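To start, the structure itself, in structure tokens.
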Ligand SMILES: Cc1cc2nc3c(=O)[nH]c(=O)nc-3n(C[C@H](O)[C@H](O)[C@H](O)COP(=O)(O)OP(=O)(O)OC[C@H]3O[C@@H](n4cnc5c(N)ncnc54)[C@H](O)[C@@H]3O)c2cc1C
């Protein structure tokens, strides 16, 4: 029986969701030999997402100390063609019937369209 060849990688990322894909991309850009493994045949499908995507203003307004992270800022510069419409407000309804209203700096986009963003 033929032996399988073992190929070593510096980093293996399990899961090609937003976190894994961003991590693998960052590592690859820095010259790290990275392999990303995803169990689903179509990444991001079925979408676990309401397709509400925060703009940079929402990100730095929600999380502190991110302004200095230029690489993260770059990630949040989305092409206009991805923006289906702006989301300025959100209302969340609880099963009890109570509702909460938030102002937002976000847009709606179709998650599958993200496949067409070229790597920098
Ligand atoms: C109903 C719903 C609506 C949402 N709406 C929004 C929204 O509108 N806007 C927004 O910004 N966020 C939204 N979110 C949150 C968003 O989906 C998550 O924050 C985001 O997907 C988290 O990314 P992640 O990479 O951490 O995990 P995931 O997106 O869950 O990615 C993990 C990946 O790992 C893969 N995986 C897991 N185990 C293995 C394994 N053993 N081997 C190989 N692959 C594996 C999975 O298949 C998956 O692709 C929503 C979430 C839900 C549930």
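The numbers here are math on the coordinates, done by the rules we state, and not lab data. A quick note: this is a predicted structure, and the numbers were derived from the prediction, not measured.
In the chain, what percentage of the DSSP-assigned beta bridges are antiparallel, given to the nearest 5?
75 percent
For the chain, what does -39500 (n - 2.57) per DSSP helix run (n ≥ 4), summed and divided by total residues, give at 222 nm, in deg cm²/dmol to the nearest 500? Write out the running numbers ahead of the final one.
Details: 3 runs with 25 residues, N = 120.
My calculation for the chain gives -5500 deg cm²/dmol from helical runs alone.
For residue 100 and residue 77 in the same chain, what is the full-extension length gain: residue separation times 0.36 nm, less their Cα-Cα distance, in nm?
Full-extension gain reported as 5.4 nm.
Under the definition of Cα pairs under 8 Å and six or more residues apart, what whole-number percent is the relative contact order of the chain?
Value for the chain: 22 percent.
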